[in-house]
Amino acid sequence: MVVERTFSIIKPDAVERNKIGEITAMLESSGLRIVASKRIKLDQDKAAAFYKVHADKPFFQSLCDFMCSGPIIVQVLEGENAIQKNREIMGATNPDEAAEGTIRKQFAISLEKNSIHGSDSPENAIIEINHFFNEKDIIS
Ligand code: ADP
Ligand code: MG
């Protein structure tokens, strides 16, 4: 099994409700290890660059506004099959469709304010990690 890294954001809705610890505990319980972490606040340019794949979607501006609305926790997670494992513990994008026991089922308050982001492929994991971290700041 390959050890991978993936990129995670605890989104403003979850940070605002003081859920960093509970969400992090669920990530760790699933076997993932946090190898880099910091609390930051996005600006519009950074949010738009991060979500540029969604630039033509009707929810794009609202999503960028939400992601800039308060502090977030950006993290690098490491483990076997980390990208898929993280997507599984996150749950479906829409919390109404998220499975029991997933982070979004437990914490999300809407389709937009769904508490957590996770990379969806190895290519995007590398791109997303590089948005926020230098290699020297990731300690396995
Ligand atoms: P995921 O975060 O599960 O990878 P997407 O990449 O499709 O989902 O969407 C990115 C983020 O945009 C979602 O996590 C959610 O916050 C928001 N979003 C997605 N679809 C919608 C929608 N139809 N309306 C409002 N916000 C949305
Ligand atoms: Mg996505």
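Scanning segment 112-131 for residues that are away from ligand 1 (no atom under 11 Å from the Cβ), among the aliphatic types (A, V, I, L, M) and out of contact with any Ser or Thr (no Cβ under 6 Å at 6 or more places or on another chain) yields Ile126, Ile127, Ile129.
Here is a yes/no grid of residues against (1) over 12 Å from the mean Cα position of the chain (by Cα); (2) at pLDDT 95 or above; (3) away from ligand 1 (no atom under 15 Å from the Cβ):
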{"position": "Ile20", "(1), (2), (3)": "no, yes, yes"}
{"position": "Gly31", "(1), (2), (3)": "yes, yes, yes"}
{"position": "Phe60", "(1), (2), (3)": "yes, yes, no"}
{"position": "Cys64", "(1), (2), (3)": "yes, yes, no"}
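Scanning segment 4-15 for any residue that is closer than 19 Å to Ala108 by Cβ, among the small types (Gly, Ala, Ser) and under 14 Å from the mean Cα position of the chain (by Cα) turns up at least one such residue.
If the condition is being touching a strand residue (DSSP E or B) at 6+ places or on another chain (Cβ under 6 Å) and among the basic types (Lys, Arg), then segment 87-119 contributes only Arg87.
Against the definition (crowded, with 19+ Cβ neighbours inside 10 Å, assigned to a strand (DSSP E or B) and among the polar types (S, T, N, Q)), how does Ser37 come out, yes or no? Steps first, answer last, please.
Working: crowded, with 19+ Cβ neighbours inside 10 Å: no; assigned to a strand (DSSP E or B): yes; among the polar types (S, T, N, Q): yes.
The answer is no for Ser37.
Is there a residue in segment 51-60 that is within 15 Å of ligand 2 (Cβ to nearest atom) and touching a Leu at 6+ places or on another chain (Cβ under 7 Å)? Yes, segment 51-60 has at least one match. Residues considered: Ile103, Ile109. Of these, the only one that is within 12 Å of ligand 1 (Cβ to nearest atom), in contact (Cβ under 8 Å) with a residue 60 or more places away in the chain and surrounded by fewer than 19 Cβ atoms within 10 Å (Cβ to Cβ) is Ile109. Would you check if there is a residue in segment 75-86 being near ligand 1 (Cβ under 8 Å from one of its atoms) and either buried (at least 21 other Cβ atoms within 10 Å of the Cβ) or under 24 Å from Lys38 (Cα atoms) (or both)? No, every residue in segment 75-86 fails to be near ligand 1 (Cβ under 8 Å from one of its atoms) and either buried (at least 21 other Cβ atoms within 10 Å of the Cβ) or under 24 Å from Lys38 (Cα atoms) (or both).
The values are calculated or read from the model by the stated rules, or taken from the named source; none is laboratory data. Owing to the predicted nature of the structure, the values given are computational and were not obtained by experimental measurement. Note: ideal-geometry Cβ built from the backbone for every residue, glycine included; neighbour counts use all protein chains shown.
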